[in-house]
Amino acid sequence: MSDLDRTLADVAAAVDEARLWRLHMEMAAFGATPRGGVCREALTPEDIEARVLMAEWGAALGCSLHMDELGSMFLRREGTDPDAPPVMTGSHLDSQPTGGRFDGAYGVLAGIEVLHALNAAGIRTRRPVEVANWTNEEGGRFTPGVMGSQVYVNPDELPRMLAVRDAAGVSIAEAMVAVRAALPGARPRALRTPVHAFVEGHIEQATLLEESGNQVGVVTGIQGTRKFRITVTGEDAHAGTTPRRRRRDALSAAVAMVSALERMAWDREDECRFTVGRFQAFPGAPSVVPGRVEFAIDLRHPDDAARRRIGDQIKPICEALAGACEVSVVEPQAADTVWFTGAVFESVRASAARLGIPHMELLSGAGHDARNMAAICPSGMVFVPCERGISHNEAENATPADLAAGTRVIAQVVTELACG
Ligand code: HGY
Ligand code: MN
Ligand code: MN
């Protein structure tokens, strides 16, 4: 057995299933909801509490804490070569408003468990190892999502993102004041600081692993996405006195748009993912004809041409059905399908095989920070099953054994690439 093989065996053996589960349960306390999920939206007090706990865990493990201008955090374990770009793992601690205990948190906590395992096995890597917590992956409070990693690789987007405001009118720049105050020991991290490789652990959020009896997913890529924000503007009017012929009813027009768009996006293969996840009528009073409707479209498809064809029809269909109203269609975010190839993908696949863990290759339907990191370094993902594929739902669940199996793979990938 070579020295590296022995080191990889040691770090995987040092992953502690019970400790990893405890990390999850401690983290899940922040933003815990009565139905067993979490509401820990980006830069809220609950998110800040989670960040402080992550920083405390990192300090106890001998790591330094770094933070960039959008609040993404990096726990850094030094290697023998401090100038070498780090091998990075991690994900996000923010959640959807009715999120689960594992979406995002798993990737961060698996990274922290890797730090424990490296320390327990007494392994010195050449490259530094870093565990990331990317700001605002979910995009519920501040849109768009996957924001922290997007700004990290595209620093010129920082001013636009700092100015993004939530529904209460609070900007990210304003919310960041409390984050910095809570993490005074964080050292500044320049955006787009070089990274040698990035591997992200995540629950699958679908059922392929569970249905096939596999414990680890070797992720081949992330399907492309287009996000739209539609505003329909009519005129508030009295529900009792305004005849139909004089109405500029924004709700009636918006409902016709959504129905027509759903028909347009319907595909026999059930590959297209067309979602209207937010639909708000204003002023929202029962006896007022709505003068304004805002709704969001989340369009995803693995085939770039199909997504382009479907997405390009959205604006014309909305305009054709606006009637007496005006309609605006903006597209704040779009990303093509990204394919994971190269060192990280190969290392994930080799590690699952080496550890004898039942595994399969699969494409991610969900978006992740690894999509953005693939623009600056070899990137990849390790999936673990979640119960019945349920996610973005408080009932989200996973098993300690599956979480640990994925973490053993992440530990070997990080160690192999950091020793190289
Ligand atoms: O929406 C997504 O794909 C991710 O879970 N935020
Ligand atoms: Mn996620
Ligand atoms: Mn999510």
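The values are calculated or read from the model by the stated rules, or taken from the named source; none is laboratory data. Quantities reported herein were computed from a predicted structural model and do not represent experimental measurements. Cβ placement follows ideal geometry from the backbone for every residue including glycine, while neighbour counts extend to all protein chains displayed. To get the accessible areas, we keep the full protein, side chains included, count just its heavy atoms, and leave off ligands, DNA and RNA. Shrake-Rupley method; radii C 1.70, N 1.55, O 1.52, S 1.80 Å.
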By residue number, the members of the stretch 124-141 that are open to solvent by less than 20 Å² (accessible area, probe 1.4 Å), away from ligand 3 (no atom under 16 Å from the Cβ) and not hydrophobic (A, V, I, L, M, F, W, C) are 125, 128, 130
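Determine whether residue 203 is crowded, with 17+ Cβ neighbours inside 10 Å, of a type in the set (Val, Ile, Thr) and under 30 Å from residue 13 (Cα atoms). Even if it seems obvious, please write down each step before you answer.
Details: crowded, with 17+ Cβ neighbours inside 10 Å: yes; of a type in the set (Val, Ile, Thr): yes; under 30 Å from residue 13 (Cα atoms): yes.
Yes; evaluated as a whole, the condition is true for this residue.
Being more than 16 Å from ligand 2 (Cβ to nearest atom), buried (at least 20 other Cβ atoms within 10 Å of the Cβ), not hydroxyl-bearing (Ser, Thr, Tyr) and not in a helix (DSSP H, G or I) narrows it down to one of 93, 75, so name that one. Outline the logic, then answer.
Numbers: 93 fails: more than 16 Å from ligand 2 (Cβ to nearest atom).
Going through 93, 75 in turn, just one is more than 16 Å from ligand 2 (Cβ to nearest atom), buried (at least 20 other Cβ atoms within 10 Å of the Cβ), not hydroxyl-bearing (Ser, Thr, Tyr) and not in a helix (DSSP H, G or I): 75.
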When the stretch 303-325 is checked residue by residue, the ones that are of a type in the set (D, E, K, R) and under 22 Å from residue 139 (Cα atoms) are 307
Of all residues making up the stretch 155-191, the number that are assigned to a loop (DSSP other than H, G, I, E, B) and without any contact (Cβ under 8 Å) to a residue 40 or more places away in the chain:
8
Residue ID - surrounded by the fewest Cβ atoms within 10 Å (Cβ to Cβ), chosen from residues in the stretch 4-31 that are outside any helix (DSSP H, G or I) and in contact (Cβ under 8 Å) with a residue 40 or more places away in the chain
16
If you take the residues of the stretch 96-114 that are of a type in the set (Val, Ile, Thr) and crowded, with 21+ Cβ neighbours inside 10 Å, which of them is farthest from ligand 1 (Cβ to nearest atom)?
114
With the condition kept exactly as written, say whether any residue in the stretch 87-97 is at pLDDT 95 or above, more than 17 Å from the chain's Cα centre (by Cα) and of a type in the set (D, E, K, R).
no
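Every residue in the stretch 293-347 that is basic (Lys, Arg) and over 21 Å from the mean Cα position of the chain (by Cα), please.
308, 309, 315
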Residue 269 vs (1) of a type outside the set (Phe, Trp, Tyr); (2) touching a residue at least 40 places away in the same chain (Cβ under 8 Å); (3) part of a loop (DSSP other than H, G, I, E, B): all pass except (2)
Quick one: is residue 291 in contact with a helix residue (DSSP H, G or I) (Cβ under 9 Å, 6 or more places away or on another chain) and under 25 Å from residue 228 (Cβ atoms)?
yes
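Restricting to the stretch 194-227, give me the number of residues that are hydroxyl-bearing (Ser, Thr, Tyr) and either without any contact (Cβ under 8 Å) to a residue 24 or more places away in the chain or assigned to a helix (DSSP H, G or I) (or both). Spell out the reasoning first.
Of all residues in the stretch 194-227, those hydroxyl-bearing (Ser, Thr, Tyr) come to 207, 212, 220, 225.
Narrowing the set further to residues that are either without any contact (Cβ under 8 Å) to a residue 24 or more places away in the chain or assigned to a helix (DSSP H, G or I) (or both) leaves 212.
Here the count works out to 1.
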Any residue in the stretch 317-340 that is touching an Asp or Glu at 6+ places or on another chain (Cβ under 7 Å) and part of a helix (DSSP H, G or I)?
no
Have a look at 213, 148 and point out the one that is open to solvent by 20 Å² or more (accessible area, probe 1.4 Å) and either hydroxyl-bearing (Ser, Thr, Tyr) or at pLDDT 95 or above (or both).
213
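Quick check on the stretch 303-315. Is at least one of its residues closer than 30 Å to residue 215 by Cβ, of a type in the set (Gly, Ala, Ser) and surrounded by fewer than 22 Cβ atoms within 10 Å (Cβ to Cβ)? Explain how you work it out, then say what you get.
From the stretch 303-315, those closer than 30 Å to residue 215 by Cβ are 303; that's our starting set.
Next cut, of a type in the set (Gly, Ala, Ser) only: none.
No, the stretch 303-315 has no match at all.
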Pairs with Cβ under 6 Å, 6+ apart, first in the stretch 390-410 and assigned to a loop (DSSP other than H, G, I, E, B), second within 15 Å of ligand 1 (Cβ to nearest atom) and open to solvent by 30 Å² or more (accessible area, probe 1.4 Å)
391/205; 392/96; 394/98; 396/390
Quick check on the stretch 202-214. Is at least one of its residues within 16 Å of ligand 3 (Cβ to nearest atom) and charged (D, E, K, R)?
yes
Would you call residue 34 open to solvent by 20 Å² or more (accessible area, probe 1.4 Å) and more than 19 Å from residue 394 (Cα to Cα)?
no
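For every residue, the table says whether it meets (1) away from ligand 1 (no atom under 16 Å from the Cβ); (2) under 19 Å from the mean Cα position of the chain (by Cα); (3) of a type in the set (A, V, I, L, M).
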| residue | (1), (2), (3) |
| --- | --- |
| 126 | yes, no, no |
| 135 | no, yes, no |
| 138 | no, yes, no |
| 143 | no, yes, no |
| 152 | yes, yes, no |
| 155 | yes, yes, no |
| 163 | yes, no, yes |
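Just one of 328, 351 is among the hydroxyl-bearing types (Ser, Thr, Tyr), out of contact with any Cys (no Cβ under 8 Å at 6 or more places or on another chain) and closer than 27 Å to residue 140 by Cα; which is it? So that I can check it myself, show each step before the final result.
On the way: 351 fails: closer than 27 Å to residue 140 by Cα.
When all the criteria are applied, what remains is 328.
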The correct count of residues that are in contact with a helix residue (DSSP H, G or I) (Cβ under 7 Å, 6 or more places away or on another chain), open to solvent by less than 30 Å² (accessible area, probe 1.4 Å) and under 22 Å from residue 196 (Cα atoms) in the stretch 361-420 is 18
